[in-house]
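Each value in this text was obtained by applying a stated rule to the coordinates, not by laboratory testing. All values reported here derive from a predicted model rather than from experimental measurement. Glycine gets a Cβ as well: all are built from the backbone with ideal geometry, and neighbour counts include every protein chain shown.
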Amino acid sequence: MQIVIAGAGIGGLAAALALHADGHEVRVIESVPEIKPLGVGINLLPQAVKVLDELGLAEALLSRGIATRELSYFNRFGQRIWTEPRGLFGGFQAPQISLSRGALQMTLLQHALERLGAERIVTGRKLMRFETRGDVALAVFSAADQVVETEGDILVCADGIHSMARRQMYPEEGAPIYSGRVLWRSTSYAEPFLSGATMIMAGYEAQKFVAYPIEPAGAGRQRINWIAELRVPVMREKEDWYRAGDIADFLPAFADWKFDWLDVPQLIGDAERIYEYPMVDRDPVEAWTSGSVTLVGDAAHAMYPIGSNGASQAILDAGALVRALRAHTNPRTALQVYEAERLPATAAIVRANRHNGPEHCMQLAHERAPEGFNLLEDVFAPGELQAIADHYKSLTGMKRKAS
């Protein structure tokens, strides 16, 4: 089957590799003239790594990142609320991997170039519109001063949160929805904290700090990815993944977050380039598919970066699309089966993330013990924290290996 993919981000490249491995003829068309290793850190959940492992990519990604050992939640005083082992350390199907987003992007691109062929990945063409003509999906791209039409049996639109394809399907939808919170993201070199492979989240809904290593330690220091989050009621500017941030806008709020296991203001002060962007998502929609055209990744289900699900769910889309096409030779039927599996699942995550997902335990700790606690059992009922964690893992498709 001939498949055209609009977008060479994580979702688009993962879909291209998975579809190619299953015997389809794939072309990827990207809007930017040159694909570059942009961004800071990213976390891949075990269920997504399993999909990439089946494509022979897990070892390459592990060599460029960290196998996350555990995830720990803390209050704003650095008191531990909950810790659970992750990836293979927690008995899951694959490792959980923390690495640079650029390393992930370029690893996917490198393998796509090698497997599909460089001529099958075209840059500098932006999707303008699509249509289905009979059994053919037609994509219309703008390229410099010309318009280029490309046909395939299926068009997969992985063109991001500002997807042109989604806009054509839902012309009245408007801009992404602002959460009322702003994220400042960066990386810093620092001494390893806790196990040296721990992902931490501290604070509560209106003020939060996330940190995890994305490279192995060298000479006693490690590259740490971090996110500082604050409530900012009015969005100051349109969201932009790569707008430079000003440390003065958020460092004062974290000035006293000096824990015995991590000095947050020092980590912020040692930042490499800081990026600022408002936290946004989109409402779930009724359908992703129109004729022989469908959506994947942020184009389909843009969500808050809670629970490490953005990239991971895009990769799961790729796996589901392959399974649907394997089971159904009719492209339109396959796309409907794919949508039926993935749309409800991701819509549930979008909604759960609006209520803090697994980070709800931090909000509860703040509400019940705003000045900290002496005993955790005074704050949470027996089994309450485990139930919060297990519910979200079930919601997102994180499964342990069968015993």
(Q) Looking at the chain as a GNM with Cα springs under 10 Å, which of N374, N309, N43 has the largest mean-square fluctuation? (A) N374
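Based on the alpha carbons, how large is the Rg to Rh ratio for the stretch 146-217 when Rh follows Kirkwood? Write down the numbers at each step before the final one.
On the way: Rg = 20.3 Å, Rh = 17.2 Å.
In the stretch 146-217, Rg relative to Rh is 1.18.
What are the DSSP H helices in the chain that stretch 24 Å or more along their long axis, judged by alpha-carbon atoms, and whose average Kyte-Doolittle hydropathy comes to at least -1.0? Numbers along the way, then the final one.
Working: long enough: 310-327 (26 Å, 0.74); 331-354 (34 Å, -0.28).
What comes out of the filter, once short or polar helices are dropped, is 310-327, 331-354.
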Q) Going by how many other beta carbons lie within 10 Å of each one, how would you line up L116, L52, fewest first? A) L116, L52
(Q) On a 18 Å Cα-Cα criterion, which of the cross-link pairs K36/K126; K50/K399; K208/K399; K50/K401 come out too long? (A) K208/K399
(Q) With unit charges on the beta carbons (Lys and Arg positive, Asp and Glu negative) and the dipole taken about the Cα centre of the chain, which residue among A345, L295, V26 sits farthest to the positive side? (A) V26
Q) Going toward the positive end of the dipole of the chain, with +1 on Lys and Arg Cβ and -1 on Asp and Glu Cβ, which of A327, G102, L364 do you reach last? A) A327
Q) How do 355-365, 296-306 rank on mean C-beta neighbours within 10 Å, highest first? A) 296-306, 355-365
Q | Per-selection metrics, the stretch 1-43 (Cα): Rg and Dmax in Å | A | 11.7, 36
Q: Once you have a ≥ b ≥ c as the square roots of the Cα gyration tensor eigenvalues for the stretch 268-337, tell me rounded if a/c is under 1.5, and otherwise prolate or oblate according to whether a/b is larger than b/c.
A: prolate
Q: Run the dipole for the stretch 117-159 about the Cα centre, Lys and Arg Cβ at +1, Asp and Glu Cβ at -1, nothing else charged, and hand back the magnitude in debye, nearest 20.
A: 160
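Dipole magnitude of the chain about its Cα centre, charges +1 at Lys/Arg Cβ and -1 at Asp/Glu Cβ only, in debye to the nearest 20? Intermediate results must be reported in sequence, preceding the final value.
Working: 40 positive and 49 negative charges, 81 e Å.
The dipole of the chain has a size of about 380 debye.
Give the percent of DSSP beta bridges with both residues in the chain that are antiparallel, rounded to the nearest 5.
Values: 60 of 79 bridges.
Around 75 percent of the beta bridges assigned by DSSP in the chain are antiparallel ones.
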Q: Rounded to whole Hz and in sequence order, give me ³J(HN,Hα) for the stretch 127-138 from the Karplus expression 6.51 cos²θ - 1.76 cosθ + 1.60, θ = phi - 60°, writing x for Gly and Pro.
A: 5, 9, 6, 9, 7, 10, 10, x, 9, 10, 8, 10
Q | Anisotropy class of the stretch 103-204 from Cα gyration tensor, a/c 1.5 cut | A | oblate
Q.
Let me see the P(r) profile for the stretch 244-369: every Cα-Cα distance counted, bins of 5 Å, each bin given as a percent of all pairs.
A. 2, 9, 15, 14, 14, 13, 10, 8, 6, 5, 3, 1
Q) Fewest first, what order do R133, R120 take by the number of other Cβ atoms within 10 Å? A) R133, R120
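Note down the net charge around W288, summing +1 for each Lys or Arg and -1 for each Asp or Glu among other residues with Cβ under 15 Å from its Cβ. If you can, show how the numbers build up before the last one.
Numbers: positive: R166, R167, R282, R332, R342; negative: D159, E173, D283, E286, D298, D317, E339, E341.
Counting the neighbours of W288, the net charge comes to -3.
How much space per residue, in cubic angstrom, does the convex hull of the C-alpha atoms of the stretch 1-139 take up?
Cα convex hull per residue, to the nearest whole number: 149 Å³.
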Q: Using only the alpha carbons, work out the radius of gyration and Dmax of the chain in angstrom.
A: 21.2, 68
Q) Compactness ratio of the stretch 61-116: Cα Rg over 2.2 N^0.38 Å, N = residue count? A) 1.52
